[in-house]
Amino acid sequence: MSRSNGPEPFFRADRGIWYVQVHGKQHNLGRDEAEARKRWHALMAAPPPSTSDHPEDPLLATVVDEFLTWTQQHREARTYTWYLNYLQEFVESLPQAATFTVSRLKPFHVEKWVSAAKERWGASCQHGAIRSVQRCFRWAEKQGYIQLSPVRHIEKPTPQRREKVITTDEYKTILAHYKEIDPFRDMLVFAWETGARAQEIRIIEKRHYREDKKRIEIPPAEAKTKRWRIIFLNDAANAIAQKLVKGRPTGEIFRNEDGQPWTTFSTSCRFARLEKKLKERYCLTLFRHAWCQRMLEIQPQRPAVRLVRRGDSTRPC
């Protein structure tokens, strides 16, 4: 951003968000630089805020930032990222977001935000979006930032059970919509061939890859089950892992066209586009279910399959 008199906006790479510090407080200006500039001007034109540590009517973006900072310090990285993606999108959906205070927040703001995203989100994502906002303001209430959460009574859609199983023919139809060079195709094939969880695929780094043993090893501290998670690779999955680790010595190996790690949101957007073409909603979890089903049909009593379905694995050796 160009320089001018007064505080300058700056970009926080750890959150992918523009901020400006005014009156000793950092203000969330959003992810888009052009929109951040508009919010910056609106913020500078607004009256000075209360000088107390916890004003009676704090800025909504400030409360969200406080919650995200707490989450980053006290919860796992994937939990923090989950809240960050939902809450940042919610903040940016609000009118005059830079100066929007908590007292103005009503349940309809949340419901309008979720309704506008229905093409991208199924019932489970809509449920999660509302839950993220409610959790943030319930935390703020307990911490004393606000008197009472204004969104505590919003009804959430019932998360859908993912009982559908993708057939081999469906899988071929899905792949036909993606070119060989499309990074999303790599993730789909890897999920189909390994039965790995979506969140596991997204966090895989070169350090997890054991080329000599053709497998991925995720340590307990990073695994969902808090046990060693071993993902065995067949030739197709191993070829993808070999290709991706060569160009990515650090960080996540599965990334989108812009070189950014895949997130729940970015994968959901790609499946939303696919839904418009195929009139069917898919997600990575369905690829895992399809793998389990195929393995059970081949060898119903195979111990490795039972372990994968439970999410357990033995310690690597």
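What you get for the chain, charging only the Cβ of Lys and Arg (+1) and of Asp and Glu (-1), is a dipole of about 1000 debye around the Cα centre. Exposure proxy for R104, R12, R202: other Cβ atoms within 10 Å of each Cβ, ordered fewest to most, give R12, R104, R202.
Each of the peptides 107-118, 282-293 was scored by the mean count of other Cβ atoms within 10 Å over its residues; in descending order, highest first, they stand as 282-293, 107-118.
Hey, what did the chain get for relative contact order, percent, Cα under 8 Å, at least 6 apart? Intermediate values should be presented prior to the final figure.
Details: 374 pairs, mean separation 42.6, N = 317.
With pairs under 8 Å counted, the relative contact order is 13 percent.
For the chain, a Gaussian network of Cα nodes joined below 10 Å ranks W18, W121, W262 by mean-square fluctuation, and the top entry is W18. Amide H contacts of H27 (H built 1.01 Å from N, in plane; Pro and chain starts excluded): V20, Q21, V22 sit under 5 Å, all sequence-distant by 5 or more or on other chains.
Full extension of the chain segment joining T167 with D14 gains 51.1 nm, where the gain is 0.36 nm per residue of separation less the Cα-Cα distance. Within the listed set D235, D14, D65, the residue fluctuating most in the Gaussian network model of the chain (springs between alpha-carbon atoms under 10 angstrom) is D14.
Thinking of the stretch 73-120 as a set of Cα atoms, what percent of all their pairs are more than 14 Å apart?
Numbers: 665 of 1128 pairs.
Of all Cα-Cα distances in the stretch 73-120, 59 percent exceed 14 Å.
Each principal axis of the chain carries a Cα extent, and these read 68, 41, 38 Å when sorted largest first.
Taking neighbour Cβ counts within 10 Å as the exposure measure, how do E297, E56 sort from fewest upward? Mind dumping the intermediate values first?
Numbers: E297 8, E56 11.
Listed from fewest to most nearby Cβ atoms, that is E297, E56.
Shape analysis of the stretch 10-143 yields a ratio of the Cα radius of gyration to the Kirkwood radius, Rg/Rh, of 0.94.
Only the coordinates and a few stated rules stand behind these numbers; no lab work does. What you see is a predicted model; the values in this text were computed from it and never measured. For neighbour counting, all protein chains shown are included, and Cβ atoms are generated from backbone atoms with ideal geometry for every residue, glycine included.
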